[in-house]
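Here the structure is laid out as structure tokens; the discussion comes afterwards.
The values are calculated or read from the model by the stated rules, or taken from the named source; none is laboratory data. If you're wondering where the values come from, they're calculated on a predicted model, not measured in any experiment. Don't worry about glycine lacking a Cβ; one is built from the backbone with ideal geometry, like all the others, and counts go over all protein chains shown.
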Amino acid sequence: MKARNIVIGILAAAVISLSVGYEQGWAKAKEEIAPARIAVVSVRRILENSKTNAQWETKARAESEKNRAELQKLSKELQAIEADMATRKVGSSDYLKLMREGTEKQAILEAKDKFYQQELSLKQQQQIEQLYQEIIAAVASVAKDKGADLVIAKEEFRFPSTSLRELTLVIQTSKVLYNAEHMDITNDVLAILDKGR
């Protein structure tokens, strides 16, 4: 009887220790497999609404207007040369001199036009790269503050699409089809980017 009570006591102690250990292990496992807290951000809306981008676009527009004025001036000079050529005898020394001037002006006009387009494209690329890096840093800051583990870019498309190709691209690249409004941190990111601008 004594031996039986000892065996029952040992078994009871083993069952209790196993159940306590199991419960503690399950509680710890629940903590480790908690679902990720997800947030979304609209990069397009940030690019469209950020003060930084608006300032850059204003500066780029002013520079573009200056370049356009210079190109128009060259174009008018070229037209004046062509008009003067029309009054000269084809093959005369004055005609050939004007033809050379016109050809040079045309080459300068085309070269400057090409250069200004490339320059604008390069500056735009650099601006977007810099702004995107700032967006990534702001997203990380907001995500930490809000306790988000993962931030997904949400693209907002405008319908109707301009073409079937664009529509197909939208359908193939859309990753976020729905999110609850409280998950969107776009306005918080914009606030950080525009602070002090």
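Here are the numbers:
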quantity	calculated
Number of the exception - Glu110 against (1) under 30 Å from Arg45 (Cα atoms); (2) part of a helix (DSSP H, G or I)	(1)
Tally of residues being within 16 Å of Arg44 (Cβ to Cβ), part of a loop (DSSP other than H, G, I, E, B) and in contact (Cβ under 8 Å) with a residue 12 or more places away in the chain across the stretch 121-167	4
Scan of the stretch 92-135 for residues that are of a type in the set (A, V, I, L, M, F, W, C), surrounded by fewer than 13 Cβ atoms within 10 Å (Cβ to Cβ) and over 28 Å from Ala80 (Cα atoms), ordered by number	Leu122
Residues of the stretch 140-154 classified as under 13 Å from Met183 (Cβ atoms) and surrounded by 13 or more Cβ atoms within 10 Å (Cβ to Cβ), total	8
Extreme residue, surrounded by the most Cβ atoms within 10 Å (Cβ to Cβ), among residues of the stretch 184-197 that are part of a helix (DSSP H, G or I) and among the hydrophobic types (A, V, I, L, M, F, W, C)	Val189
Answer from Lys105, Lys114, Lys76 - the residue that is touching a residue at least 24 places away in the same chain (Cβ under 8 Å), assigned by TED's automatic domain parsing to the domain that holds Lys154 and farther than 30 Å from Leu193 by Cβ	Lys105
Among the candidates Ser17, Ser75, residue that is at pLDDT 90 or above and in a helix (DSSP H, G or I)	Ser75
Hits in the stretch 71-91 - residues which are closer than 18 Å to Lys114 by Cα and surrounded by 14 or more Cβ atoms within 10 Å (Cβ to Cβ)	Leu71, Leu74, Ser75, Leu78
Unmet criterion (only one of (1) modelled with pLDDT of 85 or more; (2) of a type in the set (Asp, Glu); (3) surrounded by 13 or more Cβ atoms within 10 Å (Cβ to Cβ)) for Glu181	(3)
